[in-house]
Amino acid sequence: MEAFPLHQIAVDKLSVYINRSHTFIHSTVLICMIVYRVSSFLFNKDSQAIPLIPWLLIFSSELLLGFIWLMKSAYNWRPISRSVFLERLPPDDDLPPIDVFICTADPVREPPLKVMNTVLSSMALDYPPGKLSVYLSDDAGSSLTLYAIHEAWDFGRLWVPFCRKYAIKNGCPEAYFSTTIDDHGNKIGFQEEQKNIEVEYEKFKESLRIAGESIGAKSSQDHPAMIEIIGSKDPVIADSDDAKMPRVVYVSREKRPSHPHNFKAGSLNVLLRVSGIISNSPYILVLDCDMYCNDSTSARQAMCFHLDQKMCSSLAFVQFPQKFGNISKNDIYDAALRYIFVVMWPGMDGLRGPILSGTCFYIKREALYGRSREKDVDLVQLKQSFGPSNEFLRSLKTKRTSHSDNKVVDDQDSGTALLQETRFVGSPTYETNTAWGKEIGFLYDSVVEDYFTGFILHCRGWSSVFCNPQRPAFLGSSPTNLSDTLIQGTRWNTGLLEVFLSRFCPIIYGLGRVPLLDCMCYAYFSAQPLYCFPVWCLAIVPQLCLLNGIPVYPRVSSPWFIPYSVAFLSTLGIHLWDVLRTGGTTRIWWNEWRVWMIKSVTAYFYGSLDALLKLFGVKEASFVPTNKVADGEQVKRYQLGIYDFQASTMLLAPLVTLVILNMVSFIWGIGKSTLAGGWGELFGQIFLSFFILIVNYPIIEGMMLRKDKGRIPPSATLFSLACSFLILLFGYTAFFYRS
Ligand SMILES: O=c1ccn([C@@H]2O[C@H](COP(=O)(O)OP(=O)(O)O[C@H]3O[C@H](CO)[C@@H](O)[C@H](O)[C@H]3O)[C@@H](O)[C@H]2O)c(=O)[nH]1
Ligand SMILES: [Mn+2]
């Protein structure tokens with residue numbers, strides 16, 4: 001007899017219809033545009049023809065935009081949504097154990113209180129506590145974080161039972177006490193208990209604050225491995241409360257300046273090995289320290305897919321969206337990364353599944369162990385791939401179903417020996433000459449380890465699922481100021497282009513390994529940094545041509561003008577449709593355009609530059625964790641929808657320079673066409689400048705109209721003026737000067 005399914009899907013039919021029509025129309029006009037570009041160059045011999053270099057720049061920009069668009073259209077092919085039936089899950093005794101991995105790297109940028117809230121929220125997951133182990137990786141080896149996790153454990157002994165007793169969904173104490181909308185007010189004793197716990201939470205916070213002052217938030221890049229099972233040294237280990245607590249383990253891997261540590265991927269791989277020895281759960285939840293569990297049922301939701309007999313054999317991970325609690329209504333920096341999680345991931349979900357997104361996913365341990373595991377079990381080979389730890393190799397073959405199977409808790413002596421072994425697998429030399437980071441675990445070749453690892457998993461035949469329930473399963477905080485947003489974006493784009501330029505380039509490596517549409521989705525994602533080229537070119541070259549009276553677009557009365565205007569409108573239109581159908585507003589749509597342009601000339605540009613420098617060995621890999629401490633004033637401006645331009649000149653200069661150039665060309669174009677005529681010929685270029693200016697209006701405002709602290713600093717404006725002047729001069733002499 002067929003059991004009831006644990007989940008179901010719904011295909012968004014209207015979107016499928018609209019999206020595919022768009023793809024058809026848009027590709028037709030793109031072909032027309034290419035024909036026009038080529039023929040106008042070959043056959044237009046009059047004095048106004050575009051000189052070769054500008055023509056090449058414009059044509060290659062248009063081709064590149066077309067290529068990126070084509071890859072992107074794969075996301076629109078078959079968007080779906082899913083729902084789960086929690087009540088159909090097997091009884092608790094039959095649920096598989098889960099390990100939770102949380103990473104932190106810097107007690108200053110990532111305050112321990114915040115990290116502990118993530119730890120506590122995952123301890124409070126609605127899952128049999130005997131089947132839950134929480135591992136915190138502390139890359140900073142900070143005594144403050146170690147102290148904090150001990151305190152968190154003590155507080156957790158009150159918090160976790162409280163959450164379980166009243167079925168509290170939001171397991172993050174900080175968020176819980178600042179909202180308290182969970183309604184359990186009628187249950188007898190609830191309010192009193194809640195008040196008591198709030199007092200205890202305040203004490204916990206105070207103890208961290210005092211420790212912060214006395215211990216200090218120091219990071220160390222040179223320290224031995226330090227692994228501790230929290231609470232197990234407690235003399236009352238056997239008391240009944242602890243039996244209801246999940247296991248909590250603090251892991252600070254060994255770090256030496258002489259050995260590369262491979263950032264977050266390196267940490268996660270140490271956690272894989274350490275947890276393999278300690279709990280070895282078949283499923284793993286990965287969380288960044290800035291993301292807490294906002295719905296304690298997420299583990300059960302994920303199990304609705306992992307335990308589905310039909311899909312489980314190929315399912316590698318269940319990805320939840322990254323959602324953020326600090327997003328304002330207008331979200332001027334697109335901090336929510338809205339488009340990714342409401343349009344692209346549901347689109348990929350209708351194919352082989354979404355891209356691994358770094359955090360908020362439940363992954364099958366087996367999927368991370370690579371192909372090497374499937375081979376006939378030859379101990380020598382296994383050692384070569386997985387490293388020399390016998391204890392870890394043994395874990396590859398054993399299956400544990402709950403904590404009670406575990407030696408660490410049962411037996412003091414072998415417990416000590418096991419901890420010794422975990423330190424061994426936590427050393428930087430353990431991975432030397434093994435397949436860790438190359439084939440096994442999270443992969444090292446890119447700083448966007450998530451994207452790259454997910455891609456390789458899909459290439460190996462695994463699939464994934466996007467689970468996006470009404471109530472956000474996880475909530476985090478996203479950078480809400482221009483500087484942090486762009487610095488983070490630069491890192492991502494470095495990593496993405498790295499993959500694009502490597503032998504794993506999705507269009508080459510992915511072909512034949514994943515279905516074509518999935519291949520296109522992956523290609524689009526890693527090709528995104530390339531947007532910087534067409535955006536830079538199209539914000540400079542047509543403008544320089546305009547200033548020299550050279551038309552680059554067909555005149556308004558020509559039939560060739562139609563494909564250009566249709567392409568423009570259909571691009572704006574499909575995006576508007578995507579935003580509106582997913583609950584967004586026109587204002588958000590317009591913001592997304594602006595943020596895209598801003599990122600194209602800064603984060604995409606610097607990211608590409610970084611990737612190239614790395615490719616040629618000029619620069620080393622780096623991963624600066626995003627700042628998680630918000631500045632009050634900046635947050636206020638963000639909430640009000642006012643841009644904050646307190647950022648380095650390096651980030652501002654490209655934006656301001658392009659705006660100045662477009663102001664010059666727009667004013668010149670209008671003036672010239674009014675006085676001397678020629679509207680029809682130059683309309684395209686004048687309009688382009690106009691469009692760039694209205695999209696980037698906040699930059700004009702920040703440069704010329706604002707006086708507050710968040711305006712564009714005059715020094716950046718001056719510097720950009722100089723840059724624009726140079727570009728004008730260069731453009732005139734190089735492209736157009738004819739003796
Ligand atoms: O050497 C390091 C650097 C970072 N981290 C941790 O990695 C996580 C992500 O770092 P964060 O600074 O928050 O970067 P984001 O840009 O916000 O992270 C996004 O991008 C990363 C890839 O660049 C992914 O790993 C993340 O999951 C994804 O949320 C944090 O928990 C860090 O503590 C480490 O453990 N070790
Ligand atoms: Mn983050």
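Bear in mind these aren't lab numbers, they're just calculated from the coordinates by the rules spelled out. Every value quoted in this text rests on a predicted model; they were computed, and no experiment measured them. Virtual Cβ from ideal backbone geometry, glycine too; neighbours counted across all protein chains shown.
Miscellaneous remarks
- Computed [θ] at 222 nm, helices only, for the chain once each DSSP H run of length n ≥ 4 contributes -39500 (n - 2.57): -16500 deg cm²/dmol
- With K and R counted +1 and D and E -1, the other residues having a Cβ less than 11 Å from that of VAL595 yield a net charge of 0.
- Distance cut-off 23 Å, percentage of C-alpha pairs in the stretch 618-710 lying past it: 46 percent
- Spherically averaged projected area of the stretch 453-586 from its Cα convex hull (nm²): 12.9 nm²
- Considering the stretch 528-615, its Cα convex hull presents a mean projected area of 8.0 nm².
- Stokes-Einstein diffusion for the stretch 530-581 at 4 °C, viscosity 1.567 mPa s, with a Kirkwood radius from C-alpha pairs, works out to 99 µm²/s.
- Sorted peptide list for 720-726, 488-494, 193-199, criterion being average Cβ within 10 angstrom, highest first: 488-494, 720-726, 193-199
- Stokes-Einstein diffusion for the stretch 685-739 at 37 °C, viscosity 0.692 mPa s, with a Kirkwood radius from C-alpha pairs, works out to 249 µm²/s.
- ³J(HN,Hα), Karplus 6.51/-1.76/1.60, whole Hz, each residue of the stretch 115-128, x for Gly, Pro: 4, 5, 5, 5, 4, 4, 5, 7, 5, 8, 4, 7, 7, x
- Among the chymotrypsin sites (Phe, Trp or Tyr not before Pro) in the stretch 72-135, those placed in a DSSP loop whose Cβ has at most 13 other Cβ atoms within 10 Å are PHE85.
- Counting only Cα atoms, the stretch 490-565 measures 48, 29, 16 Å along its principal axes, largest extent leading.
- Exceeding the 32 Å Cα-Cα cut-off - candidates LYS310/LYS438; LYS195/LYS218; LYS165/LYS264; LYS72/LYS131; LYS13/LYS264: LYS195/LYS218; LYS165/LYS264; LYS72/LYS131; LYS13/LYS264
- P(r) tail, the stretch 52-164: Cα-Cα pairs separated by more than 20 Å, 64% of all pairs.
- The largest-to-smallest principal axis extents of the Cα set in the chain are 91, 58, 56 Å.
- Debye-sum result for the stretch 233-354 in log10 I(q)/I(0), which assumes one identical scatterer on each alpha carbon, at q = 0.10, 0.23 Å⁻¹: -0.51, -1.41
- By DSSP, the beta bridges lying fully in the chain are antiparallel in about 45 percent of cases.
- Between the Cα long axis of helix 603-615 and the first principal axis of the chain there is an angle of about 70°, rounded to the nearest 10.
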